[in-house]
Structures are given as C-alpha cells and as structure tokens.
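Please read the structure below before turning to the comments.
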Amino acid sequence: MQSPQEGVRLLAVPSRVLLGISTVATVVALGSTYALTSGPAEEPTPRAERNYGDLPPDDFGGPVTLTPSPSPSVSPSASSTRSAKPSDGAEPKKRPTDSGKPNRSGDRPGEQGPREGEPLSSPPPAGGAPGPGDTGVPPKKKLRVHRGDLIIRTPGKVVDGLEVHGRINVEAPNVTIRNTRVIVPTRSETAGISNNNDNGRGMLVSNVEVLAENAAPGVNGVVGHDFTLQSSEIHHVTDQVHITGSNVTLRDNWFHDNYHFESDPYQGGGASHDDSIQIIGGGNITIASNRFTGAYNAGVQITQSIGDVNGVTIRDNLLGGGGCTVNIAEKGRGPVDGLVIRDNRFLSDQRIDGCAIIHPSSTKVSHSGNVWDDSGRPVALSRG
C-alpha cells in the first residue's frame with residue numbers, strides 16, 4: 001500500500017491545457033474543488049488499494065468493508081460461510097423472464113421470477129415520491145471522467161462534477177460529494193462510496209448516482225456511518241445502503257432495481273439477500289421521504305449483525321419490495337429500542353402477501369399513519 005497523501009489522489013491529469021489554465025494550475029484547482037471541463041480526462045493506471053475485512057455472511061448481498069485491516073491481506077473468519085470473492089469465471093445463470101406480475105407467494109422466484117443477474121422490476125415513480133426528475137446528477141451538469149479509485153484524506157474536501165469509474169473512499173471528516181456519478185467496476189466486490197472507518201465522520205453525499213458497471217454480486221452503493229445521503233439515486237447494485245453505525249440520515253433518495261442472484265457466492269451459493277437499506281448496528285438513524293422499489297429481501301432490513309440498533313425513525317417514505325418490506329431481526333442482541341415507523345405509503349408488491357412490516361414480539365414498534373398506496377387502507381404489523 002502506498003503512503004497516505006493529503007486530499008484526493010488523481011491518478012493522472014490531461015496533458016492538454018483546459019480552459020486556458022495550465023496543467024499545474026488545473027491540478028491545484030482540482031485539489032480544492034473539482035472544476036467543470038469541456039471534455040473527459042482518461043487515467044489508465046489504477047492506484048494500489050488496501051484490503052478490507054469481512055462482515056458476517058448471513059444477511060448481505062455482498063461484502064461490506066469494515067475499518068481497514070493493518071495487514072496486507074485478510075482472510076474470512078473460520079465461521080464465515082461466504083467466499084472471499086467470487087471466482088473469476090463465475091457467471092450468473094439465467095432464469096426465465098418475468099411475467100410482468102410480482103411473485104408474492106413468499107417463496108423464491110421460480111418460473112415467474114426475474115432473470116438471474118437482472119434487477120427486479122420497479123413500478124413507475126409515484127406522485128410526490130423521489131424519481132428521475134429530482135434525484136441523482138442534475139441533467140445539465142457536465143462531468144469530468146476519472147478512472148480509478150479516489151481516496152479522500154483532507155478534512156472538508158468537496159468533490160463536485162465527476163464521473164468516477166471506480167470507488168470513492170472517505171478517510172477525513174466533513175467531506176462533501178455532490179453532483180457526481182460513481183460507476184463501480186465489476187468484481188470490485190465493495191461499495192461505490194464508503195466512509196466506514198474512524199476518520200470519515202460528517203460525510204455529505206448529495207445529488208449523486210451510484211451503479212455497478214455490470215451485473216455482479218457484491219457490488220453495493222453506500223456503506224458507513226455518521227453520514228447524510230440526500231437527493232441521490234442508487235440502482236443496479238445488490239444492496240443500496242449499509243448502515244454500520246450511528247448518526248445517519250437518508251432523505252429524498254430513490255433506491256431501485258436491485259440485482260438479484262439465485263446463486264450468490266456471498267451467500268454460500270444461496271440466493272442474494274439484496275436490500276435497499278440494511279442497518280447492522282448503530283442509533284440515531286432517520287430514513288425520511290425516500291422511494292424504495294426492487295429489493296428481493298427487504299426494503300429496510302434491521303439485523304443488529306455487528307451491534308445493537310436503537311433510535312431508528314422511518315417516516316414519509318414510499319416503500320416497496322422484499323418478502324416483507326420492513327424486516328426487523330434481533331440476532332440474539334435483544335429488542336431494537338426506539339423504533340418509529342410512521343406516515344409511510346406501502347406498495348403491494350411484497351413476495352409475502354400483505355407483509356409490510358414484520359418484527360419479533362419483543363421489539364416494540366411505534367406505528368402510526370402507515371397505509372397501502374393503492375387503497376389508502378391502514379397497514380397492519382406482522383409478527384415474526
């Protein structure tokens with residue numbers, strides 16, 4: 001691993017003069033805030049990357065990066081049933097195409113399910129819910145192409161107006177990423193944007209689009225804690241957001257078109273556990289005014305896989321997808337405290353009929369104002 005540097009490391013810069021500014025001046029300017037340019041810049045050589053540890057294998061659509069390991073490589077723990085990465089020759093097998101109607105039997109999709117490695121179908125945007133007109137990169141925003149991963153180590157850095165063919169890793173406080181598209185390379189087996197370390201608190205991600213380059217298990221959207229994600233579009237990945245700790249706000253985002261694999265190497269060869277949002281530890285978490293469609297496992301999944309979860313508010317969203325759309329599990333850690341689910345509209349596309357919210361009896365849910373979007377009738381809780 002190369003020694004740390006301040007700021008965002010650019011792998012290369014264009015040799016030509018941009019907008020009358022010399023190459024040296026361009027590099028200095030980009031070290032503060034990425035300036036718009038009239039043409040793309042191509043960087044052929046990716047930087048060396050550190051290896052990351054693995055999370056428990058039971059619930060994830062792909063690996064989630066924890067705090068970087070000090071060793072140059074990390075093997076999965078003996079208890080892990082998930083491979084460290086899929087084999088280079090692994091290709092998703094195809095299943096018969098979707099009939100156009102959601103499979104709501106509660107079983108894994110069979111002949112009426114989506115094709116392997118293709119996203120589940122999503123209904124068109126509903127009135128008042130985030131969609132293509134108000135999420136992601138603004139239509140007229142010009143983007144500068146950057147090939148390779150970016151590691152941000154300067155506090156308060158602003159990244160604006162990039163199309164990153166790689167991943168963004170935030171290792172400094174109060175970093176802003178805005179008006180940017182992140183296309184995660186196939187076989188990266190990680191998230192497009194991550195601040196999942198001890199240094200990246202206060203990250204703001206705004207008007208960003210994240211997607212995978214190609215269908216592949218293990219490519220996720222945003223991972224971490226102590227961040228805000230707003231007005232962004234995350235799609236064509238396995239899991240859109242993993243919350244690994246406290247102080248997270250997700251608002252006005254559009255999560256859709258998860259990739260689902262019937263045979264996922266990260267699930268020991270079983271089906272993908274793709275979720276729009278998964279919360280595996282932490283508190284003070286707000287999920288407000290988002291739109292969720294297309295997840296196979298759950299729209300919002302709480303598992304407590306690495307720590308207690310408490311103080312979660314889910315409000316004013318358009319929620320759909322999953323076997324049950326909101327799925328709470330305790331994982332032997334006791335009740336999830338301070339769980340508020342209110343004023344949400346639920347689509348009727350669950351694989352288990354009528355299962356909008358499922359929770360164990362020991363976890364109490366403050367539940368009010370939740371209705372079915374197609375009828376306006378109240379949503380009932382399910383016990384699991």
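Here, each number is a calculation from the coordinates, and none is a lab measurement. Predicted model only: the values in this text are computed from it and were never measured.
Over the Cα atoms of the range 316-384, Rg to Rh with Kirkwood Rh, two decimal places?
With Rh from the inverse mean 1/r over Cα pairs, Rg/Rh is 0.96.
What are the residues whose amide H is under 5 Å from the amide H of residue 146, where those residues sit 5 or more places off or on another chain and H is modelled from the backbone?
Correct list: 163, 164, 165.
Through the Karplus equation 6.51 cos²θ - 1.76 cosθ + 1.60, θ set to phi - 60°, convert the phi angles of the range 339-345 into ³J(HN,Hα) values in whole Hz; use x for Gly and Pro.
9, 10, 10, 8, 6, 9, 9
Give the long-range amide H neighbours of residue 201: residues separated by 5 or more places, or on another chain, with amide H under 5 Å away, using H modelled in the peptide plane at 1.01 Å from N.
Close amide H contacts, sequence-distant or interchain: 174.
Could you work out how far the C-alpha centroid of the range 141-165 sits from that of the range 204-231, in angstrom?
The range 141-165 and the range 204-231 have Cα centres separated by 14 Å.
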